[in-house]
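Only one structure is covered here, and it is reproduced in the block below.
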Amino acid sequence: MYAQMVTSEATQDDPEKLAVFQARIDAGEKVEPKEWMPEGYRKTLIRQIGQHAHSEIVGQLPEGNWITRAPTLERKTILLAKVQDEAGHGLYLYCAAETLGVSRDELTEMLLDGRMKYSSIFNYPTLTWADMGAVGWLVDGAAIMNQVPLQRTSYGPYSRAMIRICKEESFHQRQGYHIMMKMAQGTPAQKKMAQDALNRFWYPSLMMFGPSDKDSVHSAQSMKWKIKMNTNDELRQKFVDQTVPQAEFLGLTVPDETLHWNDEKGGYDFAEPDWSEFFDVIKGNGPCNTERLAARNKAWDDGAWVREGLMAHAEKKRTAKLAAE
Amino acid sequence: MKHEWPLWEVFIRGQHGLNHRHVGSLHAPDAEMALKIARDVYTRRNEGVSIWVVEAAHITASSPSGKGPLYEPSESKVYRHPTFFDIPDEAGHM
Ligand SMILES: [Fe+2]
Ligand SMILES: [Fe+2]
C-alpha cells in the first residue's frame, strides 16, 4: 500500500501494561498522543505513517509531470487541484507522525537519505496523458481500498488524518476514471493510449498492497494493534473485484490472460504480480527511484534559503515588537 | 543554520454560529504565515469561515495520567444531571 512491508517493531514492555493497552484497543478505544503506549506500537506507527506521508509527497511527482502539458485548461486546473490535495495529505500525515515524538525535519531527512521508504508505485514513469487517467483510477483507487478501513485505526491522530484524506480521495479516483472514459471513447489512437496505460499500471497497482499474505510476516502484531486493518491479499482481492467491471465498462482489457470469475469464492482469480520486480523496486532499482529522490533532495536543498530567511525575518519582527513594548 | 519552523495548532469555525474546532497542525515561521498555510491546507473546500492559529508551545494540556483525579469527582455527582430528579408526568412538561 502507501505503506508497504512495515515491520512491526518488537516491544519489551511491562506485560501488565501491555495487557491493559491491548484491552483498550480491543474495546475500540482510541489511543491519544501523550498516553502510555508500547514502544513497538509507537515505532511501528512512526514508520508506517511516515512512509504513508512520504508517498503522498513523492506521489506528486509523476502527476506534476503532466500539469504543464494537460490537454485543456480545465484538465490542468483539475490536475493541479488533485496534486495540491496530495501535498495536503502529506501534511496531515506528517502532523500525525509528529505527535509520536519525531520532528517533521527528521522525517524529511530520513526520506531524503533513503532510511525511510515511499510506495513502490511512484517509481514508475508517467509517459502519456492517459497515465493521468490510469493513476487516478488505479493508484488512487488502490489507496482508497487501504485508507477507508484505516479510518478506524486505533491511533487517534492517524485515524483523524485518514478521515480527512478519505473525504478528498474520491474526487481523485473519479477524475482519473473520467480521463480514461474520454480516451477510451476517443479516436483509435487515444483508446490505444488508454489500453497501454492500463497495461503498464495494472501490476504495479496490485503490488501497492504489498507481498502475498504467505510472505508477509509482519502483519499479525500490527493487526492486533489495529494499525493494519486488513491483510494484503484481502485488499488486493477487493481491488480486483471492484476494478475489473470498471475496465470492462471502458472497453479495455486487463492485461491478465488468467483472469476469470470464480463463482465459488465470489471473486476473480487473477495472476500475481512479479514479486521479484517488486522487491527490486523497493530496493531502489525501479525505473524512477533515482529521479524521484533526486527531485525531492533538490527541492529540499533549493528551498533551504527560503525556510531560513522566513525564520530569520520572523525572529527579527519578534525582537522589534519586544523592543517597542 | 538548522532551525525548524515552529508547530502551530489550527482551529476552524466551520459555519457561522459554531465554535472553532481543532482540525490539525502545521509548521510556519510566524502567525501570519501560519494563517496563510492553514488556509491552503485546511480550507480548500469551504471548510471554514474563520481560522485561529496558536503556537503549539503555548498550549497547556491536562496530563493523561491525571485523568482519574481530574474527572472522577464529577462521577459521584449524579444530581448534576436532570434525569436524577423524578418528576411525575402530571406536573406537565418540564
Ligand atoms: Fe492522497
Ligand atoms: Fe489521491
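Within the option set A:T77, A:T72, being more than 21 Å from the chain's Cα centre (by Cα), under 30 Å from A:A130 (Cα atoms), more than 14 Å from chain B (Cβ to nearest Cβ) and of a type in the set (S, T, N, Q) holds for one residue only, A:T72. Candidates A:S170, A:S159, A:S212, A:S216: the one that is within 14 Å of another protein chain (Cβ to nearest Cβ) and more than 16 Å from ligand 2 (Cβ to nearest atom) is A:S159. For segment A:259-274, the criterion of being within 21 Å of A:Y2 (Cβ to Cβ) and surrounded by 14 or more Cβ atoms within 10 Å (Cβ to Cβ) is met by at least one residue.
For segment A:55-69, the set of residues classified as modelled with pLDDT of 95 or more and either within 12 Å of chain B (Cβ to nearest Cβ) or within 16 Å of ligand 2 (Cβ to nearest atom) (or both) consists of A:S55, A:E56, A:I57, A:V58, A:G59, A:Q60, A:L61, A:P62, A:E63, A:G64, A:W66, A:I67, listed by residue number. In segment A:35-69, what residues are out of contact with any Ser or Thr (no Cβ under 7 Å at 6 or more places or on another chain), charged (D, E, K, R) and over 30 Å from A:D131 (Cα atoms)? Listed by number, the residues that qualify are A:E35, A:R42, A:K43. Of all residues in segment B:30-49, those satisfying the criterion of being in a loop (DSSP other than H, G, I, E, B) and either among the basic types (K, R) or at pLDDT 95 or above (or both) are B:D30, B:R44, B:R45. Remark: pairs (first residue in segment A:296-325, surrounded by 10 or more Cβ atoms within 10 Å (Cβ to Cβ); second residue not aliphatic (A, V, I, L, M); Cβ separation under 6 Å; 6+ apart in sequence or on different chains) = A:L310/B:P29; A:M311/B:H3; A:M311/B:P29; A:A314/B:P29; A:A314/B:D30. Tell me whether segment B:15-30 contains one or more residues that are more than 20 Å from A:P33 (Cβ to Cβ), more than 21 Å from the chain's Cα centre (by Cα) and surrounded by 10 or more Cβ atoms within 10 Å (Cβ to Cβ). There is at least one residue in segment B:15-30 that is more than 20 Å from A:P33 (Cβ to Cβ), more than 21 Å from the chain's Cα centre (by Cα) and surrounded by 10 or more Cβ atoms within 10 Å (Cβ to Cβ).
The values are calculated or read from the model by the stated rules, or taken from the named source; none is laboratory data. What you see is a predicted model, and the numbers here were worked out from it, not measured in a lab. In this analysis, Cβ positions are derived from the backbone assuming ideal geometry, glycine residues included, and neighbour counts consider all displayed protein chains.
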